[in-house]
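The values are calculated or read from the model by the stated rules, or taken from the named source; none is laboratory data. These numbers were taken from a predicted model, which means no experiment stands behind them. Positions of Cβ are backbone-derived with ideal geometry, glycine not excepted, and every protein chain shown enters the neighbour counts.
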Amino acid sequence: MLAVLFPESCCVCDADLASQTSRARPASRLESGKLRRPLVGALQVPLRLLCRACASRLRPAIGCAAPRGGVLHLSAFQPGPEIFEILHRFKYGGVPELAPWLGAWMARRVRRTLRPRPLLLVPVPLHAERLRERGFNQSRLLAEEVGRRIGCAVVEDLLVRRVATPPLAQLEHAERRARVQGAFARKRAIPRRHALLVLVDDVVTTGATSAAALAALDVADSLPCVVLSVCHASMESHYRPTRVL
(Lines give C-alpha, C1' and ligand atoms only; values in the text may rest on other atoms or scores of the structure.)
Protein backbone atom coordinates (compact mmCIF):
# COMPACT_ATOMS: atom_id res chain seq x y z
CA MET A 1 0.00 0.00 0.00
CA LEU A 2 2.83 2.40 0.85
CA ALA A 3 4.53 1.62 -2.45
CA VAL A 4 1.32 2.52 -4.30
CA LEU A 5 0.58 5.69 -2.31
CA PHE A 6 4.19 6.86 -2.08
CA PRO A 7 6.14 5.48 -5.08
CA GLU A 8 9.85 5.75 -4.46
CA SER A 9 12.72 6.08 -6.89
CA CYS A 10 16.42 6.74 -6.46
CA CYS A 11 17.10 10.48 -6.42
CA VAL A 12 20.19 9.98 -8.59
CA CYS A 13 19.39 7.28 -11.17
CA ASP A 14 15.56 6.96 -10.81
CA ALA A 15 15.78 3.23 -10.08
CA ASP A 16 12.68 1.74 -8.46
CA LEU A 17 13.36 1.37 -4.74
CA ALA A 18 10.38 -0.79 -3.86
CA SER A 19 11.94 -3.75 -5.67
CA GLN A 20 15.12 -3.53 -3.59
CA THR A 21 13.69 -3.54 -0.08
CA SER A 22 13.53 -7.32 0.34
CA ARG A 23 16.96 -8.18 -1.06
CA ALA A 24 20.39 -8.25 0.54
CA ARG A 25 21.51 -5.98 3.34
CA PRO A 26 21.08 -2.28 2.35
CA ALA A 27 24.17 -0.18 1.73
CA SER A 28 22.99 2.67 3.96
CA ARG A 29 20.10 4.01 5.99
CA LEU A 30 19.23 6.22 3.02
CA GLU A 31 18.30 3.06 1.14
CA SER A 32 16.99 0.85 3.95
CA GLY A 33 14.16 3.11 5.09
CA LYS A 34 15.51 3.42 8.65
CA LEU A 35 15.13 7.17 8.20
CA ARG A 36 11.45 7.99 8.75
CA ARG A 37 9.30 10.86 7.58
CA PRO A 38 6.24 11.89 9.66
CA LEU A 39 2.96 12.40 7.83
CA VAL A 40 -0.02 12.94 10.13
CA GLY A 41 -0.04 12.31 13.87
CA ALA A 42 1.91 9.13 14.60
CA LEU A 43 1.86 7.98 10.97
CA GLN A 44 5.33 7.71 9.44
CA VAL A 45 6.71 6.32 6.21
CA PRO A 46 10.25 5.22 5.32
CA LEU A 47 12.41 7.93 3.78
CA ARG A 48 14.36 6.23 1.01
CA LEU A 49 16.46 8.29 -1.38
CA LEU A 50 19.15 6.09 -2.92
CA CYS A 51 19.26 2.71 -4.59
CA ARG A 52 21.86 0.17 -3.51
CA ALA A 53 24.27 1.03 -6.34
CA CYS A 54 24.18 4.79 -5.71
CA ALA A 55 24.33 4.43 -1.93
CA SER A 56 27.47 2.31 -2.27
CA ARG A 57 29.20 5.21 -4.07
CA LEU A 58 28.95 7.57 -1.08
CA ARG A 59 32.49 8.04 0.23
CA PRO A 60 33.56 9.59 3.55
CA ALA A 61 36.12 12.36 3.20
CA ILE A 62 39.67 11.18 3.82
CA GLY A 63 41.58 14.45 3.73
CA CYS A 64 41.39 18.10 4.66
CA ALA A 65 41.06 21.05 2.33
CA ALA A 66 44.20 23.13 2.44
CA PRO A 67 43.91 26.09 4.80
CA ARG A 68 42.74 29.33 3.23
CA GLY A 69 43.85 32.30 5.26
CA GLY A 70 44.84 29.96 8.09
CA VAL A 71 41.39 28.33 8.29
CA LEU A 72 41.14 24.56 7.82
CA HIS A 73 38.14 23.09 5.94
CA LEU A 74 36.73 19.74 7.07
CA SER A 75 34.00 17.80 5.28
CA ALA A 76 32.11 14.62 6.02
CA PHE A 77 31.88 13.30 2.43
CA GLN A 78 33.92 13.35 -0.72
CA PRO A 79 32.21 15.32 -3.51
CA GLY A 80 30.03 13.38 -5.92
CA PRO A 81 26.58 13.43 -7.55
CA GLU A 82 25.07 11.23 -4.82
CA ILE A 83 25.88 13.52 -1.88
CA PHE A 84 25.09 16.64 -3.94
CA GLU A 85 21.62 15.28 -4.74
CA ILE A 86 21.03 14.42 -1.08
CA LEU A 87 22.04 17.94 -0.06
CA HIS A 88 19.74 19.40 -2.70
CA ARG A 89 16.80 17.39 -1.31
CA PHE A 90 17.73 18.40 2.24
CA LYS A 91 18.12 22.10 1.49
CA TYR A 92 15.60 22.81 -1.27
CA GLY A 93 13.29 19.78 -1.14
CA GLY A 94 12.10 20.36 2.40
CA VAL A 95 13.53 17.17 3.91
CA PRO A 96 14.89 18.21 7.35
CA GLU A 97 14.66 14.56 8.41
CA LEU A 98 18.06 14.14 6.75
CA ALA A 99 19.75 16.31 9.40
CA PRO A 100 20.37 13.50 11.95
CA TRP A 101 21.99 11.25 9.34
CA LEU A 102 24.17 14.01 7.88
CA GLY A 103 25.01 15.37 11.35
CA ALA A 104 26.17 11.94 12.50
CA TRP A 105 28.74 11.80 9.68
CA MET A 106 29.91 15.32 10.43
CA ALA A 107 30.33 14.48 14.12
CA ARG A 108 32.33 11.40 13.16
CA ARG A 109 34.61 13.62 11.07
CA VAL A 110 35.17 15.99 13.99
CA ARG A 111 35.96 13.17 16.42
CA ARG A 112 38.49 11.63 14.02
CA THR A 113 40.27 14.85 13.06
CA LEU A 114 40.18 17.35 15.94
CA ARG A 115 41.91 16.64 19.21
CA PRO A 116 39.57 16.65 22.23
CA ARG A 117 39.13 20.29 23.20
CA PRO A 118 36.28 22.70 23.87
CA LEU A 119 34.53 23.59 20.62
CA LEU A 120 32.14 26.39 19.73
CA LEU A 121 29.82 25.51 16.84
CA VAL A 122 28.51 28.52 14.91
CA PRO A 123 25.98 27.75 12.13
CA VAL A 124 25.99 30.00 9.07
CA PRO A 125 22.76 32.01 9.44
CA LEU A 126 20.02 32.50 6.88
CA HIS A 127 18.45 35.86 6.19
CA ALA A 128 15.04 36.19 7.89
CA GLU A 129 13.29 36.33 4.50
CA ARG A 130 14.91 33.09 3.31
CA LEU A 131 14.23 31.42 6.66
CA ARG A 132 10.52 32.17 6.32
CA GLU A 133 10.50 30.71 2.81
CA ARG A 134 12.38 27.52 3.68
CA GLY A 135 11.06 26.96 7.18
CA PHE A 136 14.40 25.92 8.65
CA ASN A 137 18.09 26.79 8.58
CA GLN A 138 19.91 23.70 7.36
CA SER A 139 23.21 24.80 8.91
CA ARG A 140 21.59 25.23 12.30
CA LEU A 141 20.03 21.74 12.14
CA LEU A 142 23.41 20.23 11.26
CA ALA A 143 25.23 22.15 14.01
CA GLU A 144 22.69 21.00 16.60
CA GLU A 145 23.14 17.37 15.54
CA VAL A 146 26.93 17.63 15.72
CA GLY A 147 26.81 19.41 19.08
CA ARG A 148 24.48 16.79 20.54
CA ARG A 149 26.70 13.93 19.44
CA ILE A 150 30.06 15.30 20.56
CA GLY A 151 28.82 17.31 23.53
CA CYS A 152 29.82 20.84 22.58
CA ALA A 153 28.11 24.22 22.57
CA VAL A 154 26.13 25.63 19.64
CA VAL A 155 25.77 29.42 19.50
CA GLU A 156 23.01 30.43 17.10
CA ASP A 157 22.89 34.15 17.88
CA LEU A 158 26.52 35.03 17.31
CA LEU A 159 26.07 35.89 13.63
CA VAL A 160 23.23 37.50 11.71
CA ARG A 161 22.74 37.61 7.96
CA ARG A 162 21.75 41.18 7.19
CA VAL A 163 21.72 40.95 3.39
CA ALA A 164 19.31 38.65 1.54
CA THR A 165 21.67 37.40 -1.15
CA PRO A 166 20.19 35.52 -4.16
CA PRO A 167 21.04 31.82 -4.65
CA LEU A 168 24.77 31.50 -5.31
CA ALA A 169 24.99 27.98 -6.72
CA GLN A 170 25.48 28.98 -10.37
CA LEU A 171 27.76 31.98 -9.81
CA GLU A 172 31.51 32.17 -10.34
CA HIS A 173 33.82 32.72 -7.37
CA ALA A 174 34.40 36.43 -7.96
CA GLU A 175 30.67 37.13 -8.21
CA ARG A 176 29.92 35.00 -5.15
CA ARG A 177 32.51 36.91 -3.16
CA ALA A 178 31.04 40.25 -4.25
CA ARG A 179 27.49 39.17 -3.39
CA VAL A 180 28.31 38.01 0.16
CA GLN A 181 30.73 40.81 1.05
CA GLY A 182 29.29 42.52 4.12
CA ALA A 183 26.34 40.09 4.22
CA PHE A 184 27.05 39.01 7.82
CA ALA A 185 27.45 40.87 11.10
CA ARG A 186 28.47 39.74 14.59
CA LYS A 187 25.81 40.35 17.22
CA ARG A 188 27.84 39.88 20.40
CA ALA A 189 31.22 38.96 21.81
CA ILE A 190 32.59 35.45 21.30
CA PRO A 191 32.81 33.33 24.47
CA ARG A 192 36.57 33.12 25.07
CA ARG A 193 36.43 29.92 27.08
CA HIS A 194 36.23 27.99 23.81
CA ALA A 195 39.57 27.11 22.27
CA LEU A 196 38.33 26.35 18.73
CA LEU A 197 35.55 28.00 16.73
CA VAL A 198 33.85 25.76 14.17
CA LEU A 199 31.77 27.44 11.48
CA VAL A 200 29.13 24.96 10.26
CA ASP A 201 27.63 25.02 6.75
CA ASP A 202 25.92 22.44 4.55
CA VAL A 203 28.26 22.70 1.56
CA VAL A 204 31.35 24.74 0.68
CA THR A 205 31.76 25.50 -3.03
CA THR A 206 34.19 28.38 -3.47
CA GLY A 207 34.50 29.32 0.21
CA ALA A 208 33.12 32.83 -0.37
CA THR A 209 30.26 32.47 2.14
CA SER A 210 32.39 30.99 4.90
CA ALA A 211 35.08 33.64 4.31
CA ALA A 212 32.48 36.42 4.63
CA ALA A 213 31.09 34.88 7.83
CA LEU A 214 34.54 34.55 9.39
CA ALA A 215 35.37 38.11 8.38
CA ALA A 216 32.29 39.30 10.26
CA LEU A 217 33.36 37.29 13.31
CA ASP A 218 36.82 38.90 13.04
CA VAL A 219 38.59 36.00 14.74
CA ALA A 220 41.14 34.83 12.17
CA ASP A 221 44.13 36.26 14.05
CA SER A 222 42.93 35.77 17.62
CA LEU A 223 41.06 32.44 17.73
CA PRO A 224 41.69 29.15 15.88
CA CYS A 225 38.94 28.42 13.34
CA VAL A 226 37.69 25.46 11.32
CA VAL A 227 34.98 25.33 8.65
CA LEU A 228 32.90 22.13 8.88
CA SER A 229 30.55 21.05 6.09
CA VAL A 230 28.85 18.00 4.69
CA CYS A 231 30.82 18.32 1.47
CA HIS A 232 33.47 20.59 -0.03
CA ALA A 233 32.56 20.83 -3.71
CA SER A 234 36.05 21.78 -4.89
CA MET A 235 37.94 19.54 -2.53
CA GLU A 236 39.64 17.45 -5.22
CA SER A 237 42.05 20.28 -5.97
CA HIS A 238 42.81 20.99 -2.32
CA TYR A 239 43.30 17.53 -0.80
CA ARG A 240 46.16 16.80 1.51
CA PRO A 241 46.66 14.16 4.23
CA THR A 242 44.48 14.61 7.29
CA ARG A 243 46.16 16.44 10.14
CA VAL A 244 44.88 16.48 13.69
CA LEU A 245 44.50 19.90 15.29
For region 125-144 the number of residues that are under 18 Å from LEU102 (Cα atoms) and in a helix (DSSP H, G or I) is 7
Those residues of region 142-157 which are in contact with a strand residue (DSSP E or B) (Cβ under 9 Å, 6 or more places away or on another chain), under 17 Å from LEU199 (Cβ atoms) and surrounded by fewer than 21 Cβ atoms within 10 Å (Cβ to Cβ) amount to GLU144, ILE150, CYS152, ALA153, VAL154, VAL155, GLU156
Here the residues within region 32-63 that are in contact with a Lys or Arg (Cβ under 7 Å, 6 or more places away or on another chain) and at negative phi are LEU35, GLN44, VAL45, PRO46, LEU47, LEU49, ALA61, GLY63
The residue that is modelled with the lowest pLDDT, considering only those in region 108-124 that are surrounded by 15 or more Cβ atoms within 10 Å (Cβ to Cβ) and more than 21 Å from PRO96 (Cα to Cα), is LEU114
Restricting attention to region 92-112, the residues that are without any contact (Cβ under 8 Å) to a residue 40 or more places away in the chain and outside any helix (DSSP H, G or I) number exactly 1
Okay, strands (runs of 3 or more DSSP E) sitting entirely in region 1-91 with 3 or more residues that are modelled with pLDDT of 80 or more and crowded, with 19+ Cβ neighbours inside 10 Å, I get 71-77
Residue under question is ARG186, and the condition is that it be at pLDDT 90 or above, out of contact with any Cys (no Cβ under 6 Å at 6 or more places or on another chain) and surrounded by fewer than 22 Cβ atoms within 10 Å (Cβ to Cβ); does it hold?
yes
Note on region 113-127: residues out of contact with any His (no Cβ under 8 Å at 6 or more places or on another chain) and either in contact (Cβ under 8 Å) with a residue 24 or more places away in the chain or of a type in the set (Val, Ile, Thr) (or both) are THR113, LEU114, ARG115, ARG117, LEU121, VAL122, PRO123, VAL124, PRO125, LEU126, HIS127
Only one of THR205, THR209 is of a type in the set (S, T, N, Q), farther than 17 Å from ALA153 by Cα, assigned by TED's automatic domain parsing to the domain that holds GLY147 and modelled with pLDDT of 85 or more, namely THR209
